[in-house]
1. Pairs needed: first member in the stretch 110-126, closer than 15 Å to Phe60 by Cβ; second member anywhere, assigned to a loop (DSSP other than H, G, I, E, B) and of a type in the set (A, V, I, L, M); C-beta distance under 8 Å; at least 6 residues apart or different chains.
2. Residues that are under 18 Å from Lys86 (Cβ atoms) and buried (at least 17 other Cβ atoms within 10 Å of the Cβ): does the stretch 192-203 have at least one?
3. May I ask you to list pairs of residues, at least six apart or on different chains, whose Cβ atoms are under 7 Å apart, with the first in the stretch 59-84 being closer than 21 Å to Leu105 by Cβ and the second being assigned to a loop (DSSP other than H, G, I, E, B) and β-branched (Val, Ile, Thr)?
4. For the structure I just gave you, tell me whether Leu309 is within 22 Å of Ala104 (Cα to Cα) and surrounded by 15 or more Cβ atoms within 10 Å (Cβ to Cβ).
5. Which one of these is of a type in the set (A, V, I, L, M), within 25 Å of Val310 (Cα to Cα), touching a residue at least 12 places away in the same chain (Cβ under 8 Å) and in the same structural domain as Ala284 (by TED's automatic domain parsing): Leu153, Leu219?
6. Where residues in the stretch 263-288 are of a type in the set (A, V, I, L, M) and buried (at least 24 other Cβ atoms within 10 Å of the Cβ), which of them is farthest from the chain's Cα centre (by Cα)?
7. Are any residues in the stretch 69-89 surrounded by 20 or more Cβ atoms within 10 Å (Cβ to Cβ) and over 20 Å from Lys158 (Cβ atoms), and if so, which ones?
8. Condition (residue is free of Cβ contacts under 8 Å to residues at least 40 places away in the same chain, hydrophobic (A, V, I, L, M, F, W, C) and either farther than 22 Å from Ser44 by Cα or assigned by TED's automatic domain parsing to the domain that holds Ile190 (or both)) applied to the stretch 280-296: is it met by at least one residue?
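The values are calculated or read from the model by the stated rules, or taken from the named source; none is laboratory data. Source: prediction; values computed, not measured. Heads up, the Cβs are rebuilt from the backbone with ideal geometry, glycines too, and the neighbour counts pull from every protein chain shown.
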Amino acid sequence: MFLFYPEKSHHIALSLFRFALNTPILSSILKKKYATKSFDAPVSSFGLSFKNRVGLAAGFDKDGKYIDLVSRLGFGFIEIGTVTPKPQAGNPLPRLFRLPKDKALINRMGFNNDGVDALVSRLKKASYDHVILGGNIGKNKVTPNDKAYLDYLICFEKLHAYVDYFVVNVSSPNTPGLRDLQEVNSLRKILTPLVQHSLQTNKKPILLKVAPDVSYDHLDGIIDLMMELSMDGLIISNTTIDRSNLSTNKDEVDKIGSGGVSGKPLLDSSSSMIQYVNKKTNGALEIIGVGGIHSGDDGLNKIKAGASLVQIYTGFIYEGPTLIGEIKKKLQNLSKG
């Protein structure tokens, strides 16, 4: 797959996987190899019951096209999106790049997706093994920041009946001005209507996904706001714009251009942020740890730092589906939440 352009590889791999699962003999082999339940260790988090602590991060299945497939790999939860109210093409190609020396990716996808109505239509027809489903929501590129709260509310209302929890994404570096919405006053304007809507209906957990590049002073303000609004937790973290610790030749990285870095280079910074938030709140804000998980020990690193659950994406690309079982095996003896 690494011989192909990264975005094309993604679609080829999923097509081959779908073919295999629709072929009885291959399907039996895949399920036996990857979907084993022997390492599952149920845990409660955000008021939900997860069959295990390992999830698939947002971005892998933006439009909910492959839930039926990836749910058979043994994940405890799957996060779809980022979805926006209206369809958008995202940024021009190429927009996804591999850094094999760093076991990292650089992406500037730009919230490419089919829009929330198309996603809801798919979810109404979806059939998949029992797994917790999260909805990652964002704003359209053309929506000005002072109207961004309306985009998040539209996605929240339309998806509310079809997902188990929500993630507010204001931390992608690939939509111009989006990270400005991490300022506390902007966040308050976005989050307050979502919390109010949730309280008036069937309450669903609401999490905020933060960038690893925010200062800890800024993070303190975000934490205070989340506690004030009785938010459910944080996802730490999104991709980083910091490229100072990459092994890949600087000229090669500069040639790629803008975009967020994911994968191994994020492991320590995201874990440090998790540890800080966990200590700052005395564990009052639950955390999903994501960033740099390429082994069972990496997953355990996130849990020891203070995360309740973990998510993988870039590690899944580099290490393959066996990573899921490896992490579950490492975490199975942890005390149940």
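1. Note: pairs meeting the criteria are Asn112/Ala89.
2. Checked the stretch 192-203: no residue is under 18 Å from Lys86 (Cβ atoms) and buried (at least 17 other Cβ atoms within 10 Å of the Cβ).
3. Close Cβ pairs (under 7 Å, with a partner that is assigned to a loop (DSSP other than H, G, I, E, B) and β-branched (Val, Ile, Thr)) amount to Phe75/Val131; Ile78/Val131.
4. yes
5. Working: Leu153 fails: within 25 Å of Val310 (Cα to Cα).
Among Leu153, Leu219, only Leu219 is of a type in the set (A, V, I, L, M), within 25 Å of Val310 (Cα to Cα), touching a residue at least 12 places away in the same chain (Cβ under 8 Å) and in the same structural domain as Ala284 (by TED's automatic domain parsing).
6. Just the residues of the stretch 263-288 that are of a type in the set (A, V, I, L, M), to begin with: 266-267, 273-274, 277, 284-285, 287-288.
Among the residues that remain, those that are also buried (at least 24 other Cβ atoms within 10 Å of the Cβ) are: 266, 273-274, 277, 287-288.
Working: Leu266: 14, Met273: 16, Ile274: 15, Val277: 18, Ile287: 12, Ile288: 9 Å.
Selected residue: Val277.
7. Across the stretch 69-89, the qualifying residues are Val70, Ser71, Leu73, Gly74, Phe75, Gly76, Phe77.
8. Yes, the stretch 280-296 contains a residue that is free of Cβ contacts under 8 Å to residues at least 40 places away in the same chain, hydrophobic (A, V, I, L, M, F, W, C) and either farther than 22 Å from Ser44 by Cα or assigned by TED's automatic domain parsing to the domain that holds Ile190 (or both).
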